[in-house]
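Everything below concerns the one structure shown next.
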């Protein structure tokens, strides 16, 4: 009897036997559910020749039946899986169902020299828009070329990671961290062929404010290497034509350059402080602008930090150590940390500004703070005076820390620009009631206990 193949859309939950010729788009690692009785499962995304995507899953012991089948980008005949109504939040297309593949499902490889281009389409987030999703669970899809691989690292929690540098036509190199199975499988493949300009499609990647802005995998992420698409082929051609310029950006460590990763925003991307106070617990990050002042009660304006990753560490300045956070051999440096308030007339938010972003607003460096720390000097008056002269635009993040067994919300500044550095942005600061421009106000000046070291 001749085999009759259906399209994905023709298959529904009323049918017992059906056959579809599909192409594998994505095959996840084996995952374990978080239920009281954990279940092992493996997810797949498949497409038919019309480009209709369907989600499929394999459970428990059935996973081994398909370990050598359903490989990414190859085509297979699938006959007789279980068809279920798909939850709307897990849908991958307008198709209303998902499939469960089990040991009675027939899977036959469609033998051909090379698989065709994937007929489905992908929607990618631009690198310049990634800041909108930083530190949230709103995962994103993107396409990039992998240009650099770093060494594998063993984390304190027993996990393994590997960092890569990825880039696309926007010429904004960014770190991508692969965790555990991604590091062991795709990471090894990418690192062993780093000179091949491998194109990846990252599915459901998390955006973080680590290293100002970076990408990381989650257990439910996907990573397609050199997918057969015209877009991937075009990106590889672009990279090969621009590889010298990209190499120069990597040499300049553009992937660690805060001004490239988080350039000054457009005025439309800035929200009021009042709005930030109401929403940051959910949206996690935002651009705000306002006049700044020194937060009272501070005794110390610097901390010991790893020179490589900038994380705080309780080790004397000048030591050379292997950092417990970034796992790199690094020098311990003094880094500036100043608590400030940002006020735009709609509200005031207490936050902390770090490093060079802080030092461009004040007449001191972290080294000067550190050199003076044994003399019990009070810098408050000079800092208050200097900070009170500035209006800034800053990218702020909300996070929670444990304090005496309670969750406490805090705010840090990830990146800041002075009014002069962001001159293209309207910087009028207004009162909430009258919408009038707030006049410059003299900051309260506190007297030092001793003369500050200059």
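The values are calculated or read from the model by the stated rules, or taken from the named source; none is laboratory data. Here the structure is a predicted model, which means the values were calculated and not measured. No Cβ is skipped: glycine too gets one built from the backbone with ideal geometry, and neighbour counts run over all protein chains shown.
Residues checked against (1) under 26 Å from residue 384 (Cα atoms); (2) at pLDDT below 95:
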residue: 255; (1), (2): no, no
residue: 262; (1), (2): no, no
residue: 273; (1), (2): yes, no
residue: 287; (1), (2): yes, no
residue: 297; (1), (2): yes, yes
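Run down 172, 153, 104 and say which single residue is surrounded by fewer than 13 Cβ atoms within 10 Å (Cβ to Cβ), touching a residue at least 24 places away in the same chain (Cβ under 8 Å) and either assigned to a loop (DSSP other than H, G, I, E, B) or in the same structural domain as residue 243 (by TED's automatic domain parsing) (or both).
Details: 172 fails: surrounded by fewer than 13 Cβ atoms within 10 Å (Cβ to Cβ); 153 fails: surrounded by fewer than 13 Cβ atoms within 10 Å (Cβ to Cβ).
The unique qualifying residue is 104.
Can you tell me which residue is farthest from residue 266 (Cα to Cα) among those in region 156-169 that are in a loop (DSSP other than H, G, I, E, B) and touching a helix residue (DSSP H, G or I) at 6+ places or on another chain (Cβ under 9 Å)?
Within region 156-169, the subset in a loop (DSSP other than H, G, I, E, B) is 156-159, 168-169.
Filter once more, so that each one left must be touching a helix residue (DSSP H, G or I) at 6+ places or on another chain (Cβ under 9 Å): 159, 168-169.
On the way: 159: 39, 168: 22, 169: 21 Å.
Out of the qualifying residues, it is 159.
Conditions (1) modelled with pLDDT of 95 or more; (2) out of contact with any helix residue (DSSP H, G or I) (no Cβ under 9 Å at 6 or more places or on another chain); (3) outside any loop (DSSP other than H, G, I, E, B), marked per residue:
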{"residue": "215", "(1), (2), (3)": "yes, no, yes"}
{"residue": "219", "(1), (2), (3)": "no, no, no"}
{"residue": "244", "(1), (2), (3)": "yes, yes, yes"}
{"residue": "250", "(1), (2), (3)": "yes, yes, yes"}
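In region 354-364, which residues are out of contact with any helix residue (DSSP H, G or I) (no Cβ under 9 Å at 6 or more places or on another chain) and under 24 Å from residue 277 (Cα atoms)? Break it down stepwise before answering.
Start the filter on region 354-364 by keeping residues that are out of contact with any helix residue (DSSP H, G or I) (no Cβ under 9 Å at 6 or more places or on another chain), which leaves 354, 360.
354, the sole residue that qualifies.
Given the conditions (1) under 17 Å from the mean Cα position of the chain (by Cα); (2) part of a helix (DSSP H, G or I); (3) more than 19 Å from residue 227 (Cα to Cα), and given that residue 138 satisfies all but one, which numbered condition is not satisfied?
If we test residue 138 against (1) under 17 Å from the mean Cα position of the chain (by Cα); (2) part of a helix (DSSP H, G or I); (3) more than 19 Å from residue 227 (Cα to Cα), just (2) comes out false.
Taking region 315-336, which residues are closer than 29 Å to residue 387 by Cα and surrounded by 15 or more Cβ atoms within 10 Å (Cβ to Cβ)?
Once the filter is applied, which keeps residues that are closer than 29 Å to residue 387 by Cα and surrounded by 15 or more Cβ atoms within 10 Å (Cβ to Cβ), region 315-336 yields 317, 332, 333, 334, 335, 336.
Return the total of residues in region 260-276 being surrounded by fewer than 18 Cβ atoms within 10 Å (Cβ to Cβ) and farther than 28 Å from residue 249 by Cα.
3
Only one of these conditions is not met by residue 308: (1) exposed (fewer than 15 other Cβ atoms within 10 Å of the Cβ); (2) over 30 Å from residue 389 (Cα atoms); (3) modelled with pLDDT under 95. Which number is it?
Of the numbered conditions (1) exposed (fewer than 15 other Cβ atoms within 10 Å of the Cβ); (2) over 30 Å from residue 389 (Cα atoms); (3) modelled with pLDDT under 95, the odd one out for residue 308 is (1).
Need pairs with beta-carbon distance below 9 Å; first residue outside the structural domain of residue 27 (by TED's automatic domain parsing) and within region 67-80, second at pLDDT 95 or above and surrounded by fewer than 19 Cβ atoms within 10 Å (Cβ to Cβ); sequence gap 6+ or separate chains.
Between residues of region 67-80 that are outside the structural domain of residue 27 (by TED's automatic domain parsing) and residues that are at pLDDT 95 or above and surrounded by fewer than 19 Cβ atoms within 10 Å (Cβ to Cβ), there is no close pair.
Here is a check on your reading of the model: is residue 339 crowded, with 19+ Cβ neighbours inside 10 Å and modelled with pLDDT of 85 or more? Spell out the reasoning first.
Working: crowded, with 19+ Cβ neighbours inside 10 Å: no; modelled with pLDDT of 85 or more: yes.
Taking the combined requirement at face value, the residue does not satisfy it.
Using the structure shown, decide if residue 22 is surrounded by 11 or more Cβ atoms within 10 Å (Cβ to Cβ), touching a helix residue (DSSP H, G or I) at 6+ places or on another chain (Cβ under 8 Å) and assigned by TED's automatic domain parsing to the domain that holds residue 100.
Yes; evaluated as a whole, the condition is true for this residue.
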